[in-house]
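The next block holds one structure in the form of structure tokens; read it before the comments.
The values are calculated or read from the model by the stated rules, or taken from the named source; none is laboratory data. All values reported here derive from a predicted model rather than from experimental measurement. Here the Cβ positions follow ideal geometry from the backbone for every residue, glycine too, while neighbour counts run over all protein chains shown.
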Amino acid sequence: MAVAIGALIAPLVEAPAASAAPRADEVRHPVDHVDPLIGSAGGGNTYPGANLPFGMIAWSPTSTTGDQTNTAAANGYSYDTTRVRGFSLTHVNGAGCHPGAAGDVPIMPFVGEVDSSPTADTKDQKYAATFSHDNEKAEPGHYRVGLDSGAAADLAVSERAGVADFSFPRDAPARLLFRTSNSLNGSENAHIEIDRERHKVTGWVLTGAFCGRRANGGENNRKTYYRLYFSASFDRAFSTVGTWENDRLSPGATTADGGEGYLTGADRAGRGSGGYVGFDTTRDNDVRMRLGISYVSLAGAEANLRAEIAPRASVADVASAGRAAWDRRLRAIRVSGGSEPRRTAFYTALYHALQQPNLISDTDGRYPGMDGTPHRVERGQTAQYSNFSGWDQYRAQVQLLALLQPRVAGDFAQSLFNFARQNGGVWDRWVHISGATHVMTGDPSAATLATFYAMGVRNFDAKGAFDSLYRQATVPHPDSLSDKGCPGQCEGQRPGLAQYLESGYAAQDACHCWGGAAETLEDSVADDALARWARLLGRGKEADELGARGGYWRNVFNPEATGTAGYSQARNRDGSWVTPFDPASDRGFAQGSAATYTWMVPQDVQGLADAMGGREKAAARLDGFFHKPDGSWSVRGGDPLRYDPTNEPGIHAPWLYNALGQPWKTQETVRQIVANVYGTGPKGLPGNDDLGTMSAWYVFAALGLYPQAPGRAEALLTGPLFPRAVVAPAGSRHALTIDAPDASDTDFYVHAVRVNGKPHDTSWLDGSFIRQGGSLSFDLADRPDTTWATDPGRLPH
């Protein structure tokens, strides 16, 4: 047992970075400060179940509000809904589509006789159960809950497998339901097989359909793109077995097949298949189940289980190993000081940020390709990862991944390149398992891989990946003229590329995209990032070409949009502006208003300021973005003319003051958001966590750093939240130590900075410091210093 549990931890252990001697008040075990329930209400769409960093399995409740074809929240769990219909094996953190993704194979402990088809229980009245949060405990790698029915579930996981103890009352029938077809978005087909002699239940679900119900092009993603296999074995014989298909119950049967489809309501209700097993609990009311999963094969699921969990390992054993694995990953950042609520908010944010990408390769290196066939990881690649919410993650989460887990970042880069080669050279914007979902807009893969390379990640085929992304950005693909899936899931990854290259912007009336202005701004960011990557690769011609395209944002900036103030605005192919124009409108944009998108030029803030009439005028405009006309703060969202912390296009905006020569306003704005928008408790996130993006924002804000722009390693500075933080990247001997001894709720204004002991008079750090580490020291006070880092010649650019 010791060997197998050690094997479970081994893949997660990397050489620690060198660091200074710890302070007495340094957090010793970050895992003690994680609350997985943060973000599980209020639209955060996190889930509380058991997982490991970047793991394949995520075992968590599926809740119900009385509709078997729907859930209370995008990830299947809402803190405010205390009725569950099973514990599902796969989840994606913070996805915005409802239902989100996965939630495969809910397994439900049921007290009572199964005398009707659970699929026919379309309102979840009989085969679901309520619970109290008093009987629920969520910890990293471990989840347990007692149900009001008298049953309980105690779950712990490795990377690709898990162990569960299901307990039942001694005086009532004990049954375990396998709802094989009941994935969050439905399924095309499912299969279950019960082996009474070997005490096993195996099967699979054929599913996909991420964002399949969205009005914005939902029909484009009502499709299958992966199969999840599972193998579950038990510590005792089955007292009874049975299966069901649709409304037909078959007691004694051992196989069943059938999917639910991908629609909702009456079109899906009452469809699907599954099976159940029963136990005699008169002498022992605790049933142990060991389970492995795989996206490749049933044999792969069983091999994963054998490799990761010893035959006699208990839930406590696996939970302990998982806790240690999480603690080691979280120790990549060790903070000192700060209140307990701040520590909890910080380490839970780091926990959420390190849940993705997710393993999809088995222990033997095999994984499902985007071409529908199995593949094996490339030479030098440790694992194949997936779940890429590109439009969200490229702004903060990928930078944190590159900083803290560079080897995982490199494997992820190679994974995305592998998928692109299997997908006809197309890099998809939102990859779920082995599916190209096309969700959102822009070319986030270009921005992501360029960022990885800039931050020093090298363990991937950088030349091959760049060549492929350059081709996608310069050679029109037939799909670029398709309107399939538009606006939210447009098939073309560089939609309307020929017109874009001809006009210098995506025309609203001919772009085949989700908003011409948004597409132009997104592609400008991506092209600037590719240009910087090209320069690092010594590709001067491509760098010049792409660098010029990084300035195409100017072609959708109308200096007279409202008569007195310029805004980004969509244009038609003939060059005319799309009218009528309203800065509060999302016409021409994707999940954001013109007022928000106007600031989405992180690669050229000085150019944007010039277009607005100079830095002073731009700063005054930015003041109005964060404040109401009466001067009060407006940073919680809900006003399309002002900052929205719940969605990505404007989340970099608080740091723009640094480039405008007023860094003290960045300091007070960031602290206002940290203190009042984020917090603890189920509603502690401002909105969808979007695969760790919003959590990564908080981690950077708390450290006093923020990525300057995609494709760069430079960081912008603000006042840190903690008196000290040591950032120790996995596998590196170089640590980054951040000291701010006066940091407090009132002292967050920067008066001086020292880098490696020397005075530093700019509000940004060179990328070499981020890559190589060193010491960063802040002098903070309770009043702004309007002279520090304001030299016009030394502002971020």
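Details
- Scanning the range 666-677 for residues being buried (at least 20 other Cβ atoms within 10 Å of the Cβ) and closer than 21 Å to ASP761 by Cβ gives a total of 3.
- Number of the exception - VAL31 against (1) in contact with a helix residue (DSSP H, G or I) (Cβ under 8 Å, 6 or more places away or on another chain); (2) in a loop (DSSP other than H, G, I, E, B); (3) among the hydrophobic types (A, V, I, L, M, F, W, C): (2)
- Residue in the range 603-615 that is touching an Asp or Glu at 6+ places or on another chain (Cβ under 7 Å) and surrounded by 21 or more Cβ atoms within 10 Å (Cβ to Cβ) present: yes
- Qualifying residue in the range 568-575 (condition: more than 16 Å from GLY516 (Cα to Cα), within 29 Å of the chain's Cα centre (by Cα) and surrounded by 20 or more Cβ atoms within 10 Å (Cβ to Cβ)): no
- The range 768-784: number of residues that are within 27 Å of the chain's Cα centre (by Cα), crowded, with 17+ Cβ neighbours inside 10 Å and either in a helix (DSSP H, G or I) or without any contact (Cβ under 8 Å) to a residue 40 or more places away in the chain (or both): 3
- Matching entry among ALA752, ALA743 (being crowded, with 22+ Cβ neighbours inside 10 Å and either more than 27 Å from the chain's Cα centre (by Cα) or not in a helix (DSSP H, G or I) (or both)): ALA743
- Scanning the range 755-767 for residues that are crowded, with 19+ Cβ neighbours inside 10 Å, within 30 Å of the chain's Cα centre (by Cα) and assigned to a loop (DSSP other than H, G, I, E, B) yields a single hit, SER763.
- The set of residues from the range 523-542 being part of a loop (DSSP other than H, G, I, E, B) and touching a residue at least 12 places away in the same chain (Cβ under 8 Å) comprises LEU537, ARG539.
- Flag if THR786 is of a type in the set (Ser, Thr, Tyr) and within 22 Å of LEU656 (Cα to Cα): yes
- Matching entry among VAL670, VAL727 (being under 28 Å from GLY607 (Cβ atoms), aliphatic (A, V, I, L, M) and modelled with pLDDT of 95 or more): VAL670
- Residue count, the range 64-108 (criterion: assigned to a strand (DSSP E or B) and surrounded by 24 or more Cβ atoms within 10 Å (Cβ to Cβ)): 7
- CYS490 satisfies every condition listed in (1) farther than 19 Å from VAL431 by Cβ; (2) touching a His at 6+ places or on another chain (Cβ under 7 Å); (3) crowded, with 19+ Cβ neighbours inside 10 Å except (1).
- Search result, residues across the range 543-588 that are under 22 Å from GLU502 (Cα atoms), of a type in the set (Asp, Glu) and part of a loop (DSSP other than H, G, I, E, B): ASP574
- Test: residue in the range 212-227 that is surrounded by fewer than 24 Cβ atoms within 10 Å (Cβ to Cβ), in a helix (DSSP H, G or I) and among the acidic types (Asp, Glu): yes
- Residue count for the range 785-797, restricted to those that are of a type in the set (S, T, N, Q) and either free of Cβ contacts under 8 Å to residues at least 60 places away in the same chain or in a helix (DSSP H, G or I) (or both): 1
- Qualifying residue in the range 392-404 (condition: within 27 Å of ALA713 (Cα to Cα), β-branched (Val, Ile, Thr) and either in contact with a helix residue (DSSP H, G or I) (Cβ under 6 Å, 6 or more places away or on another chain) or assigned by TED's automatic domain parsing to the domain that holds THR451 (or both)): yes
- Restricting attention to the range 624-650 and to residues that are charged (D, E, K, R) and either under 23 Å from the mean Cα position of the chain (by Cα) or farther than 30 Å from GLY39 by Cβ (or both), the residue that is surrounded by the fewest Cβ atoms within 10 Å (Cβ to Cβ) turns out to be ASP630.
- Of all residues in the range 420-442, those being of a type outside the set (Lys, Arg), in contact with a His (Cβ under 9 Å, 6 or more places away or on another chain), assigned to a loop (DSSP other than H, G, I, E, B) and modelled with pLDDT of 95 or more number 4.
- Among the criteria (1) under 30 Å from TYR295 (Cβ atoms); (2) of a type outside the set (Val, Ile, Thr); (3) surrounded by fewer than 24 Cβ atoms within 10 Å (Cβ to Cβ), the one ALA161 does not fulfil is (3).
- Residue, nearest to ILE673 (Cα to Cα), within the range 763-791, restricted to residues that are polar (S, T, N, Q) and in contact with a strand residue (DSSP E or B) (Cβ under 8 Å, 6 or more places away or on another chain): SER763
- Just one of the numbered conditions (1) in contact with a strand residue (DSSP E or B) (Cβ under 7 Å, 6 or more places away or on another chain); (2) closer than 30 Å to ARG23 by Cβ; (3) not aliphatic (A, V, I, L, M) is not true of GLU260: (2).
- Within the range 399-454, if we keep just the residues that are of a type in the set (Phe, Trp, Tyr) and under 20 Å from ASP467 (Cβ atoms), the residue that is surrounded by the most Cβ atoms within 10 Å (Cβ to Cβ) turns out to be PHE412.
- For ASN135, the conditions (1) surrounded by 18 or more Cβ atoms within 10 Å (Cβ to Cβ); (2) assigned to a strand (DSSP E or B) all hold with the exception of (1).
- Residue list for the range 243-270, restricted to those being on the phi > 0 side of the Ramachandran plot and not in a loop (DSSP other than H, G, I, E, B): GLY261, GLY265
- Residue selected from the range 172-206 under the condition free of Cβ contacts under 8 Å to residues at least 60 places away in the same chain and assigned to a loop (DSSP other than H, G, I, E, B), by the criterion surrounded by the fewest Cβ atoms within 10 Å (Cβ to Cβ): GLU197
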